[in-house]
Structure formats: structure tokens, C-alpha cells
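Undergrad: This is the structure I want to talk about, given as C-alpha cells.
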Amino acid sequence: MRIFKKYLPLMIAKYVKTFFKGRLYIHGRGGYEFEGGQLKLPKQADMLHKTTVSEVNSTISQLSKAA
């Protein structure tokens with residue numbers, strides 16, 4: 001499990017894309033799981049979780065297009 005002290009979508013996207021499956025925690029935003037190179041929405045998600053998942057997954061798709 002990786003712990004991010006700040007919410008930096010690009011850094012998180014690179015981590016998720018590299019390790020493909022696992023868990024991470026973002027300070028102030030909570031814990032997340034990722035699988036298949038995409039961040040998954042937690043079972044009890046609020047609006048902050050949904051926004052975070054959307055932003056990170058969008059950044060991952062931009063990284064994939066650039067490569």
C-alpha cells in the first residue's frame with residue numbers, strides 16, 4: 001500500500017499505471033483500490049471519492065494516449 005501525503009493526480013496516475021493492481025491512500029481523501037490500471041470507486045463513496053477517481057482515471061487515459 002502506498003500513502004500519498006498530497007493529492008497530485010499525475011503522480012498517482014503514474015503509480016496506478018505502473019503497478020496495475022493494488023491499494024493506495026491519499027491523505028485527506030481516503031483509501032482506494034486499483035485494478036487493471038484504473039482506480040476503482042470505493043463501496044461507500046462520497047462526492048470527493050467520485051471526483052478523485054474521475055480525475056485520476058482521466059489522467060491515466062491521457063498518459064496512455066501520449067505514449
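The values are calculated or read from the model by the stated rules, or taken from the named source; none is laboratory data. These figures come from a predicted structure and were not determined experimentally. Please note: Cβ atoms are built from the backbone with ideal geometry, for glycine as well, and neighbour counts cover all protein chains shown.
Undergrad: Among the β-branched types (V, I, T) and loosely packed, with under 13 Cβ neighbours inside 10 Å, is that true of T59? Break it down stepwise before answering.
TA: Values: among the β-branched types (V, I, T): yes; loosely packed, with under 13 Cβ neighbours inside 10 Å: no.
Judged against the criteria, T59 is not a match.
Undergrad: Can you name the residue in region 1-33 that is hydrophobic (A, V, I, L, M, F, W, C) and within 21 Å of A66 (Cα to Cα) and is also surrounded by the fewest Cβ atoms within 10 Å (Cβ to Cβ) among such residues? Steps first, please.
TA: Quick first cut of region 1-33, residues hydrophobic (A, V, I, L, M, F, W, C) only: 1, 3-4, 8, 10-13, 16, 19-20, 24, 26.
In the following step, the residues that additionally are within 21 Å of A66 (Cα to Cα) were identified as 8, 10-13, 16, 19-20.
Details: L8: 14, L10: 13, M11: 13, I12: 24, A13: 23, V16: 25, F19: 13, F20: 11.
Applying the filter and picking the extreme gives F20.
Undergrad: Also, I was wondering about something else. Given the options K6, K14, K43, name the one that is among the basic types (K, R) and modelled with pLDDT under 95. Steps first, please.
TA: Numbers: K6 fails: modelled with pLDDT under 95; K14 fails: modelled with pLDDT under 95.
Every option except K43 fails the conditions.
Undergrad: Would you mention how many residues in region 1-31 are within 10 Å of the chain's Cα centre (by Cα) and farther than 16 Å from E55 by Cα? Lay out the reasoning, then the answer.
TA: The initial filter retains those residues of region 1-31 that are within 10 Å of the chain's Cα centre (by Cα), namely 7-17, 23-26, 31.
Keeping just the survivors that are farther than 16 Å from E55 by Cα gives 23.
Residues meeting the conditions: 1.
Undergrad: Right, here's the next one. Kindly indicate whether G37 is exposed (fewer than 13 other Cβ atoms within 10 Å of the Cβ) and small (G, A, S).
TA: Values: exposed (fewer than 13 other Cβ atoms within 10 Å of the Cβ): no; small (G, A, S): yes.
Taking the combined requirement at face value, the residue does not satisfy it.
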